[in-house]
Amino acid sequence: MIKKAFWGLSTPQINYEMLPVHLPETEKIPPPQRITLFHPKNESPAVPSTLGIGDPVKTGEKLSLYPDQNDYVISPVTGKIASLSPYTGDFGKNYIAISITPDGKEVIDDTFQQQRQSPTMALLTEYLAGAPGNPPLSLLADSDSGIHTIIIRGLDPDPTVATSQYIAQSRFSDLKKGIEILKQVTDVRDIILVTAGETVQGYGHIGAQVKSVKPAYPSALPHMVMKDVMGQVVPAGKTCEELGVCFFTAEAVISIGSAFESGQLPTSKTLTFIKKDATQKIIETRIGTPIADILEYFDETVNEFDRIILGGPMTGSAVYALEHPVGPDTDSIIVIDRDKAAYASDYPCINCGECIRICPAKIQVNMLVRFLEANQYEEAADSYDLHSCIECGLCSFVCVSRIPIFQYIKLAKYELERAKTPEAADA
Ligand code: SF4
Ligand code: SF4
């Protein structure tokens, strides 16, 4: 368990913390007064037409805002639609925020229950694409994707986060069932569960190969797993998926397993909650629960300039509204006291070389950052290996000038990707 604040560590050697043999109990957050779900927004038709304010919804009901479109969310509660409003997420992604007021009853929608006897890829994509853990089902369903291997993460990529580790160790039978379903509905050659160190021994008869990685960050990041487990280096600018390998969290697999075992679509998210005093809790809460409700449950006060990070301390991102909801992919929420937060500065690079020494991709980060700061993204990609970056965040972590290198890198990759779209070409 965590003994001291992550941000206070001075050494760049960061080990993953292994959960104890006797796993801690999950804390169950009571159902909130309001749930918010983010449904992808379509440009055409711009106005949602299949759901309206006041419409009743059941727990596990599929909510789709546009007729004849594949996007949907699953209601985690029984209640009424309270509002539908536009929401812009990270990197300009547009959503409709669906707010639901629970009415205190629990009426389960049984549409999936009636169809679950014959698992197919189509059935999975129709009901489980937004399940806890966010299984990448559309990729798997695409016959042109060439996916031949599924890697299940039994270890969280970021240090201090224990969600995948906890689920892989505590939900063995649902994990096994999920693997069985994936084998049944896909043509993948291999399914590999990746965990750390001696925990490998606990997974006999799981129905997948089990491999371990070193318990030190960043060995559980996808590019590192590709290198150490698959023996394959992902070329610059390519993705693991383009090499035929897709990653599932352990939770995504148990969501599939438990849905087919019980007939009910899973609606609760397991996640790691880390308080300001660095205490780590494994919690279970309905998808759509506002962060504020979790803070209140743990009596955690957030003051001005404290930070709330969704995702891990190395690769997560800050949120600024306590009403922000837990999503199907929220694996952790970290609250950091303002005195321990690593704030970015506008100090210049002093060429100390720390970032170069720690970079697992051997990028000349001190040079790369100069181009990124000047918004010269193409030069950064052409001359300084931007696309070789595996997005570990270690350079930002060690930078003595507190330059937000990792954020610059993500922005640069996003801008270069956006420049390829037809809209950008027409502009
Ligand atoms: S985030 Fe930084 S340290 Fe990590 S691979 Fe990219 S450039 Fe290297
Ligand atoms: S760690 Fe920061 S200050 Fe040091 S060389 Fe890298 S970018 Fe420059």
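The values are calculated or read from the model by the stated rules, or taken from the named source; none is laboratory data. These numbers were taken from a predicted model, which means no experiment stands behind them. Cβ sites come from the backbone with ideal geometry, for glycine too, and all protein chains shown count toward neighbours. SASA here: full protein model, heavy atoms, side chains in, ligands and nucleic acids out. Shrake-Rupley method; radii C 1.70, N 1.55, O 1.52, S 1.80 Å.
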- In whole Hz, the Karplus estimates of ³J(HN,Hα) for the stretch 354-371 (6.51, -1.76, 1.60; θ = phi - 60°; x where Gly or Pro) are 4, 5, 5, 5, 8, 5, x, 9, 6, 8, 7, 4, 4, 7, 3, 5, 4, 6
- Helix 172-185: angle to the longest alpha-carbon principal axis of the chain, degrees 0 to 90, nearest 10? 80
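In whole percent, and with a 1.4 Å probe on the protein chains, what portion of the accessible area of the chain is carbon and sulfur? Display every interim value, and only then the final one.
On the way: 9880 of 20280 Å².
Carbon-and-sulfur percentage of accessible area, whole number: 49.
About the Cα centre of the chain, what is the dipole size in debye to 20, counting +1 per Lys and Arg Cβ and -1 per Asp and Glu Cβ, all else neutral?
Values: 37 positive and 53 negative charges, 175 e Å.
Here the chain has a charge dipole of around 840 debye.
Note down, for the stretch 277-327, the three equivalent ellipsoid semi-axes (square root of 5 times each alpha carbon gyration tensor eigenvalue), biggest first, whole angstrom.
Numbers: eigenvalues 48, 38, 34 Å².
The three semi-axes for the stretch 277-327 are 15, 14, 13 Å.
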- Please identify, among Leu193, Leu137, Leu416, the residue showing maximal mean-square fluctuation in a Gaussian network model of the chain using a 10 angstrom Cα cutoff. Leu416
- Global form of the chain, assessed from the alpha-carbon gyration tensor, a/c cut-off 1.5: rounded
- Message: Nearest 10 degrees is fine. How inclined is helix 405-418 to the longest principal axis of the chain, computing both from alpha carbons?
- Response: 60
- When the gyration tensor of the stretch 140-197 is built from Cα positions, what are the square roots of 5 times its three eigenvalues, in whole Å, from largest to smallest? 23, 14, 9
- Cα pair distances in the stretch 301-348, grouped into 5 Å bins until the bin that holds the longest one, percent each: 5, 19, 30, 23, 14, 6, 3, 1
- Query: What does the accessible area per residue of the stretch 12-78 come to in Å², with a 1.4 Å probe and no ligands, DNA or RNA counted?
  - Reply: 55
- Message: Just to be sure I understand: with springs between alpha-carbon atoms less than 10 Å apart, which residue in Phe91, Phe371, Phe248 has the highest mean-square fluctuation in the Gaussian network model of the chain?
- Response: Phe91
- Query: Working from the pairwise distances between different alpha carbons, so that the mean of 1/r is found and then inverted, what is the stretch 126-168's Kirkwood radius in Å?
  - Reply: 12.2
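Quick check: from the Cα gyration tensor, does the stretch 184-230 come out rounded (a/c under 1.5), prolate or oblate? Walk me through the numbers on the way to the answer.
On the way: a/c = 3.16, a/b = 1.33, b/c = 2.38.
Since a/c reaches 1.5 but b/c is at least a/b, the shape of the stretch 184-230 is classed as oblate.
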- Note on the structure: GNM of the chain, Cα pairs under 10 angstrom: of Pro30, Pro159, Pro132, the biggest fluctuation goes to Pro30
- Quick one: check the C-alpha center-to-center distance for the stretch 334-408 versus the stretch 160-201, whole angstrom. 33
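Once a ≥ b ≥ c are taken as the square roots of the eigenvalues of the Cα gyration tensor of the stretch 298-427, is the result rounded (a/c under 1.5), prolate (a/b larger than b/c) or oblate (a/b not larger than b/c)?
Numbers: a/c = 2.16, a/b = 1.35, b/c = 1.60.
Because a/c hits 1.5 or more and a/b fails to exceed b/c, the stretch 298-427 counts as oblate.
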- Note on the structure: If the chain between Ser143 and Ala342 were fully extended at 0.36 nm per residue, the gain over the current Cα-Cα distance would be 67.2 nm
- Note on the structure: For the stretch 286-296, Karplus-derived ³J(HN,Hα) couplings (6.51, -1.76, 1.60; θ = phi - 60°; whole Hz; x for glycine and proline) come out as 4, 4, x, 5, x, 4, 4, 5, 6, 4, 5
- Which of the listed residues, Ile147, Ala168, Asn134, is farthest toward the dipole's positive end in the stretch 128-177, when Lys, Arg count +1 and Asp, Glu count -1 at the beta-carbon? Ala168
- Query: Based on Cα positions only, what radius of gyration and what Dmax would you give for the stretch 78-159, in angstroms?
  - Reply: 17.1, 45
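Using a 1.4 angstrom probe on the protein heavy atoms only, line up Ser219, Ser170 by accessible area, largest first.
Numbers: Ser219 10, Ser170 50 Å².
Largest accessible area first, the residues go Ser170, Ser219.
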- Note on the structure: So the compactness index of the stretch 21-151, its C-alpha Rg divided by 2.2 N^0.38 Å, takes the value 1.19
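Within a Cβ distance under 11 Å of Ile291, other residues only, what is the Lys/Arg minus Asp/Glu net charge? The partial results should precede the final answer.
Working: positive: none; negative: Asp293, Glu296, Glu300, Glu323.
Computed value for this residue: -4.
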- Message: Just to be sure I understand: if I project the alpha-carbon convex hull of the stretch 216-270 onto a plane and average over all orientations, what area do I get in nm²?
- Response: 5.4
